[in-house]
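Q: First, the structure itself, so that you have it in front of you.
Quick note: the coordinates plus some simple rules give every number you see, no bench work behind them. Please read all numbers here as calculations on a predicted model, not as lab measurements. Positions of Cβ are generated from backbone atoms using ideal geometry, with glycine treated the same way; all protein chains shown enter the neighbour counts.
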Amino acid sequence: MPPPPHRLTMALLQQGLAAVAAADAEVAAGLAAVGPPPELRTVEPGLPGLLRIMVGQQVSSASARAIWRRIETAVVPLDAPTLIAALGLPQEALGLSRPKRAYARGLAEAMIAGAFDPEALPALPNDAAITAITALKGFGRWSAAIYLLFALGRPDAWPSDDLALAVAVQRLKGFSARPSRQEVDRIAETWQPWRGAMATFLWHYYHRTGGQAQFADRVEA
């Protein structure tokens, strides 16, 4: 399959899914069963998006939304200096756990010091952008890939270790047991350069086939 243009759109998502389905009969059957995703998941680029992804790590969607509402109320404007000031408030003001408060402070301090520049990420290839994000404490490859997909719209960003994706692949491929991360990644390699488009479809497929909500990100048609 030829490489896609830079940013994922709804039209490009459908183009990518059609390209994958033409080469993967099980993807074609899945698309026929549940249809394409009705919208793209997005987060705001820069500090807000990175912070929101971090907030959503290892908590329920409802908890992530509640914490995010507190942050939006307490951190105005939502920039690095204001965030650092808000982190001096009592813990209940933001609702962040102690480790996540440290991750948020590290992100803000790295931006202020110039050690990390979110505005430079769009010009970087996927691997280099992931390396830049994962240099921040508390931001692993999953968080970096989610940012590349939701904030930068990278059509081939692939969030390894995502439980919902593994369950969706199990259902889509008819496996008796949930595949390992290595197995899921190996299958996803056949979907290049549309792994981000496929991740978007697989989350949709997961929910339509009985899965629970996994993310608190806003959606945009």
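Q: Would you work out which of Ile112, Ala66, Gln14 lies farthest towards the positive end of the dipole of the chain? Charges go on Cβ: Lys and Arg +1, Asp and Glu -1.
A: Of the options given, the answer is Ala66.
Q: Quick one: if you stick a label point 7 Å off each Cα along the C-beta vector at Ser97 and Arg186, how many nm between them?
A: Reported label-point gap for Ser97 and Arg186 is 3.2 nm.
Q: Counting only C-alpha contacts under 8 Å and six or more residues apart, can you give the relative contact order of segment 47-150 as a whole percent? Working shown, then result.
A: Details: 88 pairs, mean separation 28.6, N = 104.
The value is 27 percent.
Q: Take every Cα-Cα pair in segment 113-221 and report what % of them are more than 21 Å apart. Display every interim value, and only then the final one.
A: Numbers: 2194 of 5886 pairs.
Above the 21 Å cut-off, segment 113-221 has 37 percent of its Cα pairs.
Q: Suppose a student asked you for the relative contact order of the chain, using Cα pairs under 8 Å spaced at least 6 residues apart; what percent would you report?
A: Numbers: 271 pairs, mean separation 68.5, N = 221.
Once divided by the residue count of the chain, the mean separation gives 31 percent.
Q: For mean projected area of the Cα convex hull in nm², the listed values are (i) 11.1; (ii) 13.5; (iii) 11.9; which was obtained by calculation from the structure presented?
A: Given (i) 11.1; (ii) 13.5; (iii) 11.9, the structure-derived one carries the label (iii).
Q: As an exercise, use a Förster radius of 25 Å and the Cβ-Cβ distance of Lys137 and Val59 to find the FRET efficiency, rounded to the nearest 0.05.
A: 0.85
Q: If you put +1 on each Lys and Arg Cβ and -1 on each Asp and Glu Cβ, how big is the dipole of segment 47-150 around its Cα centre, in Debye rounded to 20?
A: On the way: 10 positive and 7 negative charges, 93 e Å.
Its charge dipole is roughly 440 debye.
Q: Separation between the Ala113 and Ser160 pseudo-spin-labels, each 7 Å from Cα along Cα→Cβ, expressed in nm?
A: 2.8
Q: Hey, what number do you get for the chain at 222 nm if only DSSP H runs of n ≥ 4 count, each worth -39500 (n - 2.57), divided across all residues, to the nearest 500? Write down the numbers at each step before the final one.
A: Details: 12 runs with 127 residues, N = 221.
That calculation yields -17000 deg cm²/dmol at 222 nm.
Q: Rule-of-thumb check for segment 47-150: C-alpha Rg over 2.2 N^0.38 Å?
A: So the Cα radius of gyration is 1.02 times the expected 2.2 N^0.38 Å.
Q: Further question on the same structure: With charges set only on the Cβ (+1 for Lys and Arg, -1 for Asp and Glu), what does the dipole of the chain come to about its Cα centre, in debye to the nearest 20?
A: So the magnitude is around 560 debye.
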